[in-house]
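K.L.:
Once you've had a glance at the structure underneath, I'll fire off some questions.
The values are calculated or read from the model by the stated rules, or taken from the named source; none is laboratory data. This is a predicted model, so every value here is computed, not measured. Because the Cβ atoms are built from the backbone with ideal geometry, glycine has one as well, and the counts that use them run over all protein chains shown. The accessibility values were calculated without ligands, DNA or RNA, using every heavy atom of the protein model including side chains. Shrake-Rupley method; radii C 1.70, N 1.55, O 1.52, S 1.80 Å.
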Amino acid sequence: MSAARHPSSTLEIPQATAVPRHVAIIMDGNGRWARERRLPRFAGHRRGIEAVRTVVRACAERGVAYLTLFAFSSENWRRPPDEVALLMQLFLAALENEVAKLHRNGIRLKVIGDRSAFAPRIQRLIAEGEALTAANRGLTLTIAANYGGRWDILQALGRLAAADPAAVARGAVREEDLAPYLSTAYAPEPDLLIRTGGEQRISNFLLWQMAYTEFYFTDTLWPDFDAAALDAAFASYRRRERRFGRTSEQLEEARAAAAGTAA
Ligand code: IPE
Ligand code: IPE
Ligand code: MG
């Protein structure tokens, strides 16, 4: 297995760009959006899909390379069976109705998470959607469905152990051994995490991958999140100083040195 194509934020210092290359979003607040309007939670999830369309388009326009959306966590099975069934129905309908449009727009679709729990029809549509869009060069849109950060680390370790049992048995697993088996190995680590809906927690999203991700929390409920809200998150991101363990003075010196060589 070849080394991961993307640098690790803990092994080397990644290049920071004005627009985040990889944006991850915890799309939260659909239920509260509906409740505020005395509508069933269902209505909030429906409107949430419209927000997904808006944000995918806005990210593509702004030059984001990777957008990863948390759609259903490994803990969301704990919800009432009716709501779980409805979310599955919406996922199925989105796969049926949106994939051709994504493909026309040059978007590459990926789905991460334990898909063995999904109905065979959903599994087939995921496989077909990924295959259809695999060669696209535009935005890579990843849907995290039945995804858990702990699951991801464990499935990676399991696959590494199958490929290289000796390294695991010796207790000599290095970061770069495990990284290629993570479900997001095709993407750089997220630069920016956005969580809508006011909660300030990770809820078992990309635990390994977010070692040096910038976090942005907003009270805006997901169905209300739009291009202007995305721009506010990006503006906040641009003001961050990403030190990756170094001091501000070191960053200053590096900037001065770069300006010197440029002059
Ligand atoms: C996020 O909205 C959608 C999923 C988790 C599937 P919620 O359904 O969690 O909305 P709130 O948090 O109850 O408002
Ligand atoms: C996180 O939202 C998962 C998704 C957005 C899919 P939740 O609403 O499930 O998170 P908790 O339970 O409030 O932490
Ligand atoms: Mg929620």
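K.L.:
Quick one: in segment 28-59, which of the residues that are more than 15 Å from ligand 2 (Cβ to nearest atom) and farther than 21 Å from Glu98 by Cα is surrounded by the most Cβ atoms within 10 Å (Cβ to Cβ)?
P.N.:
The extreme case among them is Pro40.
K.L.:
Follow-up question, since we're still on this one. Mind checking which residues of segment 196-218 are in contact with a Ser or Thr (Cβ under 8 Å, 6 or more places away or on another chain), more than 17 Å from His45 (Cβ to Cβ) and within 13 Å of ligand 1 (Cβ to nearest atom)?
P.N.:
Gly198, Asn204, Phe205 - these are the residues of segment 196-218 that are in contact with a Ser or Thr (Cβ under 8 Å, 6 or more places away or on another chain), more than 17 Å from His45 (Cβ to Cβ) and within 13 Å of ligand 1 (Cβ to nearest atom).
K.L.:
With the requirement that a residue be of a type in the set (Gly, Ala, Ser) and over 30 Å from Phe225 (Cα atoms), what does segment 157-202 give you? Even if it seems obvious, please write down each step before you answer.
P.N.:
Taking segment 157-202 as the starting set, the residues that turn out to be of a type in the set (Gly, Ala, Ser) are 158, 161-163, 166-167, 169, 171-172, 179, 183, 185, 187, 197-198.
Residues satisfying the conditions are Gly158, Ala161, Ala162, Ala163, Ala166, Ala167, Ala169, Gly171, Ala172, Ala179.
K.L.:
Continuing with this model, one more query. Could you list, in sequence order, the residues of segment 143-170 that are surrounded by fewer than 17 Cβ atoms within 10 Å (Cβ to Cβ) and over 21 Å from the mean Cα position of the chain (by Cα)?
P.N.:
Residues satisfying the conditions are Gly158, Arg159, Ala161, Ala162, Ala163, Asp164, Pro165, Ala166, Ala167, Ala169, Arg170.
K.L.:
Then there is this: Considering only segment 83-95, state which residues are closer than 16 Å to Thr142 by Cα and more than 13 Å from ligand 2 (Cβ to nearest atom).
P.N.:
So the first thing to find is which residues in segment 83-95 are closer than 16 Å to Thr142 by Cα, and the list is 91-92, 94-95.
Passing the criteria: Leu92, Ala94, Leu95.
K.L.:
Oh, and also: Does segment 6-27 include one or more residues that are out of contact with any Ser or Thr (no Cβ under 8 Å at 6 or more places or on another chain), within 16 Å of ligand 1 (Cβ to nearest atom), free of Cβ contacts under 8 Å to residues at least 24 places away in the same chain and not aliphatic (A, V, I, L, M)?
P.N.:
No; the residues of segment 6-27 include none that is out of contact with any Ser or Thr (no Cβ under 8 Å at 6 or more places or on another chain), within 16 Å of ligand 1 (Cβ to nearest atom), free of Cβ contacts under 8 Å to residues at least 24 places away in the same chain and not aliphatic (A, V, I, L, M).
K.L.:
Within segment 9-42, how many residues are away from ligand 3 (no atom under 15 Å from the Cβ), among the small types (Gly, Ala, Ser) and over 16 Å from the mean Cα position of the chain (by Cα)?
P.N.:
Within segment 9-42, residues that are away from ligand 3 (no atom under 15 Å from the Cβ), among the small types (Gly, Ala, Ser) and over 16 Å from the mean Cα position of the chain (by Cα) number 3.
K.L.:
Looking at segment 210-239 only, could you name the residues that are assigned to a loop (DSSP other than H, G, I, E, B) and surrounded by 14 or more Cβ atoms within 10 Å (Cβ to Cβ)?
P.N.:
Met210, Ala211, Tyr212, Thr213, Thr218, Thr220, Leu221, Phe225, Asp226
K.L.:
Hey, among the residues in segment 9-27 that are touching a helix residue (DSSP H, G or I) at 6+ places or on another chain (Cβ under 8 Å) and either within 16 Å of ligand 2 (Cβ to nearest atom) or open to solvent by less than 20 Å² (accessible area, probe 1.4 Å) (or both), which one's farthest from Arg174 (Cα to Cα)?
P.N.:
So in segment 9-27, the residues touching a helix residue (DSSP H, G or I) at 6+ places or on another chain (Cβ under 8 Å) come out as 10-11, 18-20, 23, 25, 27.
Those left that are additionally either within 16 Å of ligand 2 (Cβ to nearest atom) or open to solvent by less than 20 Å² (accessible area, probe 1.4 Å) (or both): 20, 23, 25, 27.
On the way: Pro20: 27, Val23: 26, Ile25: 28, Met27: 33 Å.
So the residue we want is Met27.
K.L.:
Something else: Using beta carbons and a limit of 7 Å, which pairs, at least six apart or on different chains, have the first residue in segment 208-229 and under 19 Å from Ala34 (Cβ atoms) and the second one open to solvent by 30 Å² or more (accessible area, probe 1.4 Å) and of a type in the set (S, T, N, Q)?
P.N.:
What qualifies is Asp226/Thr54; Ala229/Thr220.
K.L.:
Go through segment 177-204 and give me each residue that's within 12 Å of ligand 2 (Cβ to nearest atom) and open to solvent by 20 Å² or more (accessible area, probe 1.4 Å).
P.N.:
Selection gives Gly198, Glu199, Gln200, Arg201, Ile202, Ser203, Asn204.
K.L.:
Could you check segment 150-185 and list, in sequence order, the residues that are outside any loop (DSSP other than H, G, I, E, B) and in contact with a strand residue (DSSP E or B) (Cβ under 9 Å, 6 or more places away or on another chain)? Reasoning before the result, please.
P.N.:
Within segment 150-185, the subset outside any loop (DSSP other than H, G, I, E, B) is 150-163, 165-170, 175-181.
Selection gives Asp152 alone.
K.L.:
Here is a further query. Counting just the residues of segment 85-114 that are more than 22 Å from Gly148 (Cα to Cα) and among the polar types (S, T, N, Q), which one comes out surrounded by the fewest Cβ atoms within 10 Å (Cβ to Cβ)?
P.N.:
Asn97
K.L.:
If I ask for residues that are hydrophobic (A, V, I, L, M, F, W, C) and free of Cβ contacts under 8 Å to residues at least 12 places away in the same chain, which ones from segment 78-99 would you list? Walk me through how you get there before you give the answer.
P.N.:
Start the filter on segment 78-99 by keeping residues that are hydrophobic (A, V, I, L, M, F, W, C), which leaves 84-88, 90-95, 99.
Val84, Ala85, Ala93, listed by residue number.
K.L.:
Given (1) within 15 Å of ligand 2 (Cβ to nearest atom); (2) of a type outside the set (Val, Ile, Thr); (3) loosely packed, with under 13 Cβ neighbours inside 10 Å, identify the lone condition not met by Leu207.
P.N.:
Only one criterion is unmet by Leu207, namely (3).
K.L.:
I need a count of the residues in segment 115-134 that are open to solvent by 30 Å² or more (accessible area, probe 1.4 Å) and in a helix (DSSP H, G or I). Spell out how you get there, then give the answer.
P.N.:
Kept after step one, since they are open to solvent by 30 Å² or more (accessible area, probe 1.4 Å), are these residues of segment 115-134: 115-117, 119-121, 123-124, 127-128, 130-132, 134.
Narrowing further to those that are in a helix (DSSP H, G or I): 115-117, 120-121, 123-124, 127-128, 130-132.
Qualifying residue count for the region: 12.
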